[in-house]
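A quick write-up on the structure given underneath.
The values are calculated or read from the model by the stated rules, or taken from the named source; none is laboratory data. Since the structure is predicted, the reported quantities are computational estimates derived from the model, not experimental observations. With ideal geometry, Cβ positions are generated from the backbone for all residues, glycine too; neighbour counts draw on all protein chains shown.
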Amino acid sequence: MLSFINTKCNLLILGLHEAGKSTLLSWLKDGSLVQHTPTNHPCSEEFTFGKVTFEGYDLGGHILVSSDDPRIITALRFWRRYIPAVKGIVFIAYVSDSQSLPEARQELNSILADEDVSDVPVLDLGKKVDKRGCYGQEQLIKELGINQHLSNSVSLRKTMKRIDIMKMLG
Ligand SMILES: Nc1nc2c(ncn2[C@@H]2O[C@H](COP(=O)(O)OP(=O)(O)OP(=O)(O)O)[C@@H](O)[C@H]2O)c(=O)[nH]1
Ligand SMILES: [Mg+2]
């Protein structure tokens with residue numbers, strides 16, 4: 001973490017449509033909780049945490065439709081374009097939407113399996129924990145299939161590994 005001081009630390013905020021990326025980004029920026037329209041284009045916000053300044057990139061979670069390619073592709077797949085400059089990835093999972101978790105699991109695990117970001121810390125954030133019927137931390141880890149990636153640490157102060165912290169935020 002010390003190496004980030006006095007430099008800007010680029011973070012990728014990823015997640016499926018309506019996971020809560022824009023809400024988190026604006027809250028990190030100025031503490032505001034506001035309603036956002038769906039993010040249709042990549043955007044970024046600067047925010048400071050202690051002595052570290054971050055640039056958080058949000059690619060949106062919408063489906064991209066291409067006349068050349070009939071496959072369904074979510075915008076978050078374009079995270080690869082950003083990796084040369086990225087110091088960390090925040091992956092947001094909507095913990096009260098059991099239907100979206102298999103897709104979130106697939107996207108998250110493809111990032112975790114990618115050798116190009118094998119030394120980039122990934123923070124998985126369970127969002128919307130205020131909603132009824134949401135999964136708890138243990139169950140979310142199981143649903144996302146990330147048990148083998150968890151570091152022993154739940155503190156960002158300790159050495160960062162693939163997933164340093166599983167933090168449940170509302
Ligand atoms: N209950 C609850 N609702 C939330 C929370 N975070 C976000 N929301 C709501 O979820 C909806 C989607 O939030 P966004 O932040 O716009 O989601 P997004 O991931 O940016 O969505 P896209 O831009 O479409 O990819 C909005 O109606 C938010 O108000 C949360 O922690 N709890
Ligand atoms: Mg958004």
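Of all residues in region 53-69, those that are closer than 17 Å to W27 by Cα and of a type outside the set (A, V, I, L, M, F, W, C) have Cβ atoms under 7 Å from Cβ atoms of residues that are at pLDDT below 75 and within 16 Å of ligand 2 (Cβ to nearest atom), 6 or more apart or on another chain, in G60/A75. For region 88-110, residues that are at pLDDT 85 or above and in contact with a Phe, Trp or Tyr (Cβ under 7 Å, 6 or more places away or on another chain) total 2. Checking each residue in region 1-51 for being modelled with pLDDT under 85 and either closer than 16 Å to A93 by Cα or polar (S, T, N, Q) (or both) picks out S3, N6, T7. Residues that are farther than 20 Å from T23 by Cα and at pLDDT 80 or above within region 52-80 comprise just one, V52.
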